[in-house]
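A.B. asks: Sharing a structure with you now.
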Amino acid sequence: MSDAIKHECGIALIRLRKPFSHYVEKYGTPYYGINKLYTLMEKQYNRGQDGAGIAVIKLDVPQGTRYISRYRSVDQQPIAEIFEKVNKKFRKAIRDHKDKINDAQWLLENVAFTGEVLMGHLRYGTHGNNDIENCHPFLRQNNWRSRSMVVAGNFNMTNVDELFNKLIELGQHPKEKVDTVTVLEKIGHFLDEENQFLFEKHKDKFSNSQVSTIIENDLDLQRVLMRSCKDFDGGYAMMGIAGHGAAFVARDPAGIRPAFYYADDEIVIVASERQAIKSAMEKISYEDIKEVQPGFALIIDREGNYEEKQFIDQLPKKSCSFERIYFSRGSDPQIYQERKQLGKILTPQILESIDYDIENTVFSYVPNTAETSFLGMVEGMEEYLARYRKKVISEGISGEELEKVLSLRPRIEKMVIKDAKLRSFITSDDVRQSFVANLYDTTHGVVRRGIDNLVIIDDSIVRGTTLENGILKMLDKLGPKKIIIVSSAPQIRFPDCYGIDMSKVKDFVAFRAMLALLKETKQENLLEDVNEKCKSAIANLSGNMVNHVKELYLQFPYEQVSKKIAEIITPKGCNAEIEVIFQTIEGLHRACPNHIGDWYFTGDYPTTGGNRVVNKAFMYYMEGKTVRAY
Ligand SMILES: O=P(O)(O)OC[C@H]1O[C@H](OP(=O)(O)OP(=O)(O)O)[C@H](O)[C@@H]1O
Ligand SMILES: NC(=O)CC[C@H](N)C(=O)O
């Protein structure tokens with residue numbers, strides 16, 4: 001069995017720009033910041049079902065007082081567990097000090113998780129187990145505040161091994177190879193150097209404690225990031241807070257992973273999704289929320305001043321389109337419209353597939369994410385009907401025939417019911433088959449046996465398990481003449497190594513379809529040819545590697561692969577005819593014009609590391625290895 005397919009994580013960062021007392025006085029609570037952090041995390045729960053963590057840093061507490069609090073959880077309900085614990089600490093601390101409840105300084109000095117800089121993380125583990133040690137934020141401690149650091153990120157690097165070796169070259173002795181530790185140590189190393197540089201610069205003119213203050217004021221996080229991130233190959237939104245309170249959120253040069261922020265004179269607030277910020281800051285408008293530019297870091301200094309600063313050359317922007325199709329919450333108004341558009345664009349192909357027989361067709365969707373593209377598809381059908389009515393009326397029909405045309409509506413039904421709110425996509429492969437089979441239910445008494453077509457839209461077809469083991473078997477029992485599965489995403493053909501962690505080619509139903517077609521057309525020799533090319537590309541490690549696997553797909557038209565996928569996912573003994581319609585690449589770009597990262601569909605990777613991963617993944621497939629390719 002292969003490993004579970006994983007997703008992107010969620011990040012949240014808050015910097016309170018005024019003194020802590022301001023919030024206690026104005027909002028009447030010491031938990032102004034932590035409440036906002038809670039909202040940011042709760043609203044990004046879709047991004048992390050494996051665990052969560054928070055860290056809070058206090059800016060000005062006397063030496064000898066704890067200034068970093070961190071808590072992580074891999075509980076079934078990690079967010080609830082974390083915040084319950086925070087609350088408990090608060091209740092306990094003020095139990096015997098009720099008079100201190102509005103005393104900001106006392107609270108800072110005596111109650112954990114009160115502070116001005118806050119960080120939250122939701123994890124879908126891609127490297128390392130789902131245990132507490134691998135939950136973010138990671139902490140690098142030192143008695144000099146400016147050398148301490150907490151980091152957390154939404155990231156996948158294609159070159160963790162290379163980065164790990166660089167640490168060894170630096171003379172370090174890393175105790176583990178987990179990617180978050182590797183990345184943290186890389187940033188930490190240059191943070192140390194920056195500290196050392198400033199220390200050397202000032203040590204002869206000032207006392208040690210004066211130098212500490214100078215370092216905290218002058219520390220150049222932009223330079224730290226320029227030096228530490230230059231070898232990163234991947235998609236990332238990394239955030240860090242140094243012990244003295246300066247913070248950063250750095251976004252990869254192609255903008256693969258998302259990072260949004262809002263700032264006013266009270267707060268700087270960052271999250272992976274715009275909608276989370278909007279929920280936390282009710283009064284602001286969506287236009288007030290900005291994207292951190294690719295290759296830039298939002299840097300917030302000790303005083304709370306913030307600026308986006310470039311730390312690496314930008315690459316052409318390739319923001320992950322899967323965020324828009326499936327991953328992010330659909331309540332963001334832009335995403336909502338994009339998802340609707342994804343469904344609407346497919347109307348002509350669907351109409352052709354049902355032979356324009358709207359009267360005998362039931363339209364529905366696979367819950368939950370596809371609901372919005374379904375609404376778009378229905379809108380498309382209604383527009384078609386409006387055009388159709390206009391046409392026939394202009395042709396002069398009347399009487400019964402006219403009545404019939406005027407009353408024609410798309411038959412919209414809820415055919416598939418999902419019992420759990422969980423995202424099955426992230427369930428491990430070994431239990432997924434049976435999980436998916438029991439996850440859905442169907443509505444009886446709607447489809448007319450042997451008469452009706454059934455059009456069902458889903459947001460994506462990855463392995464095909466949801467359809468084959470769950471949905472199609474059940475729908476077929478209802479007796480439709482034909483089932484048309486519509487995917488609002490194009491065919492997923494290539495591994496992802498930046499965003500969603502899908503690195504094994506054989507997992508993809510599109511890949512299996514292409515293999516079957518090669519066999520049928522007696523072109524299997526191409527597999528060996530491509531394997532040789534992949535091997536030599538990997539051996540040469542040249543900077544200009546190309547994706548050789550593309551060549552295999554190029555042998556067949558898109559529709560031919562769709563047809564083969566339909567055959568593969570058709571359950572044994574199925575009576576209905578099954579057809580699958582996929583979104584086109586052109587349609588995807590039309591619907592999501594600002595998120596054109598499409599490497600899993602096209603094989604066009606934005607970094608060299610991506611080409612290496614796909615070639616390696618193919619090599620592994622040929623060697624029968626079921627390990628991930630990065
Ligand atoms: O082809 P497969 O590999 O089986 O995966 C694709 C399915 O997985 C996702 O559902 P999920 O249950 O994760 O989430 P949702 O409820 O948000 O749609 C997605 O929406 C598809 O239905
Ligand atoms: N989904 C992610 O962003 C994962 C981050 C990191 N690779 C981890 O496994 O913890």
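A.B. asks: Do you know which residues across region 474-521 are in a loop (DSSP other than H, G, I, E, B), of a type in the set (A, V, I, L, M, F, W, C) and within 16 Å of ligand 2 (Cβ to nearest atom)?
C.D. replies: CYS497, ILE500
A.B. asks: Would a scan of region 532-541 turn up a residue that is assigned by the TED database to the domain that holds VAL613, part of a loop (DSSP other than H, G, I, E, B) and open to solvent by 70 Å² or more (accessible area, probe 1.4 Å)? Steps first, answer last, please.
C.D. replies: Our first condition is that a residue be assigned by the TED database to the domain that holds VAL613; within region 532-541, this holds for 532-541.
After this cut, where a residue has to be part of a loop (DSSP other than H, G, I, E, B) as well, the list is 541.
Right, trim to open to solvent by 70 Å² or more (accessible area, probe 1.4 Å) and you get 541.
Yes, some residue in region 532-541 is assigned by the TED database to the domain that holds VAL613, part of a loop (DSSP other than H, G, I, E, B) and open to solvent by 70 Å² or more (accessible area, probe 1.4 Å).
A.B. asks: Going by the conditions given, is ILE132 of a type in the set (A, V, I, L, M, F, W, C), away from ligand 1 (no atom under 16 Å from the Cβ) and open to solvent by less than 10 Å² (accessible area, probe 1.4 Å)?
C.D. replies: Working: of a type in the set (A, V, I, L, M, F, W, C): yes; away from ligand 1 (no atom under 16 Å from the Cβ): yes; open to solvent by less than 10 Å² (accessible area, probe 1.4 Å): no.
So ILE132 does not fit the description; no.
A.B. asks: Where residues in region 246-300 are out of contact with any strand residue (DSSP E or B) (no Cβ under 8 Å at 6 or more places or on another chain) and of a type outside the set (Asp, Glu), which of them is nearest to ASN195 (Cα to Cα)?
C.D. replies: This residue is PRO253.
A.B. asks: So which pairs qualify, if the first residue must be in region 296-322 and within 15 Å of ILE256 (Cβ to Cβ), the second must be among the β-branched types (Val, Ile, Thr) and open to solvent by 40 Å² or more (accessible area, probe 1.4 Å), the Cβ gap must be under 7 Å, and the two must be at least 6 apart or on different chains?
C.D. replies: Taking only residues 6 or more apart or on different chains, the pairs are LYS318/ILE596; SER321/ILE596.
A.B. asks: Could you please find all residues in region 310-342 being more than 16 Å from ligand 1 (Cβ to nearest atom) and either surrounded by fewer than 19 Cβ atoms within 10 Å (Cβ to Cβ) or among the hydroxyl-bearing types (Ser, Thr, Tyr) (or both)? Explain how you work it out, then say what you get.
C.D. replies: Looking only at region 310-342, we keep the residues that are more than 16 Å from ligand 1 (Cβ to nearest atom), and these are 310-319, 333-334, 337, 341.
Scanning region 310-342 gives GLN310, ILE312, ASP313, GLN314, LEU315, PRO316, LYS317, SER319, PRO333, GLN334, GLN337.
A.B. asks: Related question: For GLU200, only one of the following conditions fails: (1) among the acidic types (Asp, Glu); (2) more than 30 Å from TYR630 (Cα to Cα); (3) open to solvent by less than 20 Å² (accessible area, probe 1.4 Å). What is its number?
C.D. replies: GLU200 satisfies all of (1) among the acidic types (Asp, Glu); (2) more than 30 Å from TYR630 (Cα to Cα); (3) open to solvent by less than 20 Å² (accessible area, probe 1.4 Å) except (3).
A.B. asks: Any residue at all in region 183-196 that's within 19 Å of CYS9 (Cα to Cα), outside any loop (DSSP other than H, G, I, E, B) and not assigned by the TED database to the domain that holds SER331?
C.D. replies: Yes, region 183-196 has at least one match.
A.B. asks: Only one of VAL378, VAL431, VAL455 is assigned to a strand (DSSP E or B), hydrophobic (A, V, I, L, M, F, W, C) and either surrounded by 17 or more Cβ atoms within 10 Å (Cβ to Cβ) or at pLDDT below 95 (or both). Can you tell me which?
C.D. replies: Just a single option satisfies the conditions, and that option is VAL455.
A.B. asks: Of the residues GLU559, GLU567, only one is touching a helix residue (DSSP H, G or I) at 6+ places or on another chain (Cβ under 9 Å), open to solvent by 30 Å² or more (accessible area, probe 1.4 Å), under 30 Å from LYS473 (Cβ atoms) and without any contact (Cβ under 8 Å) to a residue 60 or more places away in the chain; which?
C.D. replies: Values: GLU559 fails: touching a helix residue (DSSP H, G or I) at 6+ places or on another chain (Cβ under 9 Å).
The conditions single out GLU567.
A.B. asks: Tell me whether region 469-484 contains one or more residues that are open to solvent by 10 Å² or more (accessible area, probe 1.4 Å) and in contact with a Cys (Cβ under 6 Å, 6 or more places away or on another chain).
C.D. replies: Taking every residue of region 469-484 in turn, at least one turns out to be open to solvent by 10 Å² or more (accessible area, probe 1.4 Å) and in contact with a Cys (Cβ under 6 Å, 6 or more places away or on another chain).
A.B. asks: Would you check if there is a residue in region 69-77 being open to solvent by less than 10 Å² (accessible area, probe 1.4 Å) and touching a Cys at 6+ places or on another chain (Cβ under 8 Å)?
C.D. replies: yes
A.B. asks: Continuing with the same structure: Among the numbered criteria (1) surrounded by fewer than 17 Cβ atoms within 10 Å (Cβ to Cβ); (2) of a type outside the set (A, V, I, L, M); (3) under 21 Å from the mean Cα position of the chain (by Cα); (4) not in a loop (DSSP other than H, G, I, E, B), which one does PRO593 miss?
C.D. replies: Of (1) surrounded by fewer than 17 Cβ atoms within 10 Å (Cβ to Cβ); (2) of a type outside the set (A, V, I, L, M); (3) under 21 Å from the mean Cα position of the chain (by Cα); (4) not in a loop (DSSP other than H, G, I, E, B), only one is false for PRO593: (4).
The values are calculated or read from the model by the stated rules, or taken from the named source; none is laboratory data. Values in this document were obtained by computation on a predicted structure and should not be read as measured data. In this analysis, Cβ positions are derived from the backbone assuming ideal geometry, glycine residues included, and neighbour counts consider all displayed protein chains. Heads up: the accessible areas ignore ligands, DNA and RNA and are worked out on the full protein's heavy atoms, side chains in. Shrake-Rupley method; radii C 1.70, N 1.55, O 1.52, S 1.80 Å.
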